[in-house]
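What follows is a short report on a single structure.
The values are calculated or read from the model by the stated rules, or taken from the named source; none is laboratory data. Just so it is clear, the structure is predicted and the values come from calculations on it, not from any experiment. Every residue, glycine among them, receives a Cβ derived from its backbone with ideal geometry; neighbour counts consider all protein chains shown.
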Amino acid sequence: MTTDRDRFEELAALCAAGAATAVEQRALDALILADPIAMAEYREFCEAGALLAEALPRESPPAQVLDPVRHSIQTTSSRGGPQSPPGPGHKSPAEVIDLASRRLRRSAVMTTASVVATAAMALLWLRERDHNSELREKLAIESQLREAQVARERTRNAQLTGELHKASRHVENLSKWVDFVQTPQLSLATLSGDDGPTVKIFIDPEKRRWLVFAYELPSIPEDRDYQLWFISQQEGPVPAGVLQRRPDRTLEAEITIPADLFDIQQAAISIEKKGGAEEPTLDQIKIIGPL
Amino acid sequence: MTAAARAQDDRDLVAAMAAGDSTSALSEIYNRFGGMVMAVLYRIMGSRAEAEELLQEVFLELWRRAPTYDPTRASVSTWVVTIARSRGIDALRARQRRGGGRHQPVEEAPLMQAPEHERPDERMATNQRSQRVREALAELSDVQREALELSYFGGMSHREIAEHIDIPVGTVKSRIISGMKVLRTALAAQGGLQ
């Protein structure tokens, strides 16, 4: 069973040997704080522990260690006191081998090295930043060039698309032509106006369709159209549709003849309102003739 | 000079330092304890260069702490050793935190010898103390000495020592406590404290 006495000796021995934990050290402090006898006993343990140091073989201390110590005392200590005058062999603190100064110099070297390293890193960072800036500018220029190129390509594509559509329409027209030409009963009617306009009407009686081309008709306002009319003996003028202007200024129309219209004798073209009219404007008929 | 007179002389030197004597009193303290402080630091650090650097710090600290020295709590010698050991252990732990090695005891050397520069009377006193210390340490067993070496100069707690030499904590504590009691008894038998 551990008594208080045993516990005290244990703590005192461990603390004096430097083997105690922080908790044990605090426990001992509490025990000796108000107990002078315990304090004295602890002192005996400490003196016994110091024997371990005293038993060590003496090491010759370096010379002139005290000069830098005194220098530190003079510069940092507020405690005054008698100072011996410098002797013949006295060296100023700056002249002696000053271990503290050596450490300070080492520290200064380390600081300098650190500053140089930092500066080098800063320089590298700046160079890297400039390099990145150049790269960013190059990328921006390349991006602009690419965008311009893309815009040009889009324009070109649009042009090509337009041309393709035009070509498609042309092919489509040609196909219609071929289709018409291949019709065995194909017939052609030509109407001529007074001032030179001509109308060619390709007639496919089997499929009851007309392909109409009008040449050299005078220009008309935007709100007007040339309109084709079937003229039947029984029905009179029947609207056949408006003519579409082609790029070569030719007008054309593809017409399907109404199923109930059989006795078409003539065809006529007049200028009508945009989109066509139900009745022809007689004084605006530009071409009329038999089929 | 008797041991008691010398102990009183030590106390007077510390009192002089406390009063501001940074020349003769500090020099005399250095002459008396410089070799021992150097030995303690060398034993703790295992490097003479590091010990020399710390030596200066120890004496500066002795100067600064002289006004708080309490002769009822420790002899001057023990006070000096305590401060030196504390500085040394701090430096050792700092080195360990930086990735340096733990305490590595220097090769065992003969027990204390009087420094060559001591005066004859000082040499005699030193040799008397040396004899006393030798006799005290001779009472320790090898395992007690090992445990005390690791705690006192290695700065290890009993738990760290138990891990270090792979024995139970209780065994380590037992060795340290018994070793310290041996030293204390031997010290008391040879005249005790001055």
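Take A:PRO36 and tell me if it is within 10 Å of chain B (Cβ to nearest Cβ), farther than 27 Å from B:GLU160 by Cα and either free of Cβ contacts under 8 Å to residues at least 12 places away in the same chain or of a type in the set (A, V, I, L, M) (or both).
On the way: within 10 Å of chain B (Cβ to nearest Cβ): yes; farther than 27 Å from B:GLU160 by Cα: yes; either free of Cβ contacts under 8 Å to residues at least 12 places away in the same chain or of a type in the set (A, V, I, L, M) (or both): yes.
Spelling it out, A:PRO36 is indeed within 10 Å of chain B (Cβ to nearest Cβ), farther than 27 Å from B:GLU160 by Cα and either free of Cβ contacts under 8 Å to residues at least 12 places away in the same chain or of a type in the set (A, V, I, L, M) (or both).
Do we find that B:THR23 is surrounded by fewer than 24 Cβ atoms within 10 Å (Cβ to Cβ), in contact with a Ser or Thr (Cβ under 6 Å, 6 or more places away or on another chain) and not aliphatic (A, V, I, L, M) in this structure?
On the way: surrounded by fewer than 24 Cβ atoms within 10 Å (Cβ to Cβ): yes; in contact with a Ser or Thr (Cβ under 6 Å, 6 or more places away or on another chain): yes; not aliphatic (A, V, I, L, M): yes.
Criteria met by B:THR23.
For residues that are under 23 Å from B:GLY46 (Cβ atoms) and either in contact with an Asp or Glu (Cβ under 8 Å, 6 or more places away or on another chain) or acidic (Asp, Glu) (or both), tally how many sit in region B:130-149. Walk me through it before giving the result.
Of region B:130-149, the ones under 23 Å from B:GLY46 (Cβ atoms) are B:133, B:137, B:140, B:142-149.
Filter again for either in contact with an Asp or Glu (Cβ under 8 Å, 6 or more places away or on another chain) or acidic (Asp, Glu) (or both), leaving B:133, B:142, B:146, B:149.
Total satisfying the criteria: 4.
Residues that are at pLDDT 90 or above: list the helices (runs of 4 or more DSSP H) wholly contained in region A:12-92 that include at least 1 such residues.
So the answer is A:22-33, A:36-54.
For B:ALA74, are the conditions met, namely being outside any helix (DSSP H, G or I), surrounded by 19 or more Cβ atoms within 10 Å (Cβ to Cβ) and at negative phi?
Values: outside any helix (DSSP H, G or I): yes; surrounded by 19 or more Cβ atoms within 10 Å (Cβ to Cβ): yes; at negative phi: yes.
Yes: the conditions hold for B:ALA74.
Looking at A:ALA140, A:ALA108, A:ALA117, A:ALA113, which is the one that is surrounded by 10 or more Cβ atoms within 10 Å (Cβ to Cβ), in a helix (DSSP H, G or I), of a type in the set (A, V, I, L, M) and under 20 Å from the mean Cα position of the chain (by Cα)?
Values: A:ALA108 fails: under 20 Å from the mean Cα position of the chain (by Cα); A:ALA117 fails: under 20 Å from the mean Cα position of the chain (by Cα); A:ALA113 fails: under 20 Å from the mean Cα position of the chain (by Cα).
Among A:ALA140, A:ALA108, A:ALA117, A:ALA113, only A:ALA140 is surrounded by 10 or more Cβ atoms within 10 Å (Cβ to Cβ), in a helix (DSSP H, G or I), of a type in the set (A, V, I, L, M) and under 20 Å from the mean Cα position of the chain (by Cα).
Inside region A:174-225, counting only strands (runs of 3 or more DSSP E) that do not spill past its ends, which hold 1 or more residues that are among the polar types (S, T, N, Q)?
Of the strands (runs of 3 or more DSSP E) lying wholly inside region A:174-225, those with at least 1 residues that are among the polar types (S, T, N, Q) span A:187-192, A:198-204.
Kindly indicate whether any position in region B:153-176 is basic (Lys, Arg), crowded, with 20+ Cβ neighbours inside 10 Å and out of contact with any Gly (no Cβ under 6 Å at 6 or more places or on another chain). If you could, list the steps in order and put the result at the bottom.
Here is the first cut: in region B:153-176, the ones basic (Lys, Arg) are B:159, B:173, B:175.
Remaining after also requiring crowded, with 20+ Cβ neighbours inside 10 Å: B:173, B:175.
Applying the additional criterion that residues be out of contact with any Gly (no Cβ under 6 Å at 6 or more places or on another chain) yields B:173, B:175.
Yes: one or more hits.
What's the number of the condition A:ASP283 fails, among (1) of a type in the set (D, E, K, R); (2) more than 26 Å from A:LEU186 (Cα to Cα); (3) over 60 Å from the mean Cα position of the chain (by Cα); (4) part of a loop (DSSP other than H, G, I, E, B)?
With respect to (1) of a type in the set (D, E, K, R); (2) more than 26 Å from A:LEU186 (Cα to Cα); (3) over 60 Å from the mean Cα position of the chain (by Cα); (4) part of a loop (DSSP other than H, G, I, E, B), A:ASP283 is out only on (4).
Working only within region B:16-46, note down all residues that are free of Cβ contacts under 8 Å to residues at least 24 places away in the same chain and more than 9 Å from every other protein chain (Cβ to nearest Cβ).
If the condition is that a residue be free of Cβ contacts under 8 Å to residues at least 24 places away in the same chain and more than 9 Å from every other protein chain (Cβ to nearest Cβ), then B:GLU28 is the only one that fits.
Determine the pairs where a residue that is over 11 Å from B:LEU140 (Cα atoms), located within region B:167-187, has a partner that is in a helix (DSSP H, G or I) and basic (Lys, Arg) with Cβ atoms under 7 Å apart, the partner being 6 or more residues away or on another chain.
Going by the 7 Å Cβ cut-off, the qualifying pairs are B:VAL169/B:ARG159.
Only residues that are in contact (Cβ under 8 Å) with a residue 24 or more places away in the chain and either touching a Gly at 6+ places or on another chain (Cβ under 6 Å) or at the interface with another protein chain (Cβ under 9 Å from one of its Cβ atoms) (or both): list them for region B:63-78, please.
If the condition is that a residue be in contact (Cβ under 8 Å) with a residue 24 or more places away in the chain and either touching a Gly at 6+ places or on another chain (Cβ under 6 Å) or at the interface with another protein chain (Cβ under 9 Å from one of its Cβ atoms) (or both), then B:TRP63, B:ALA66, B:PRO67, B:SER75, B:SER77 are the ones that fit.
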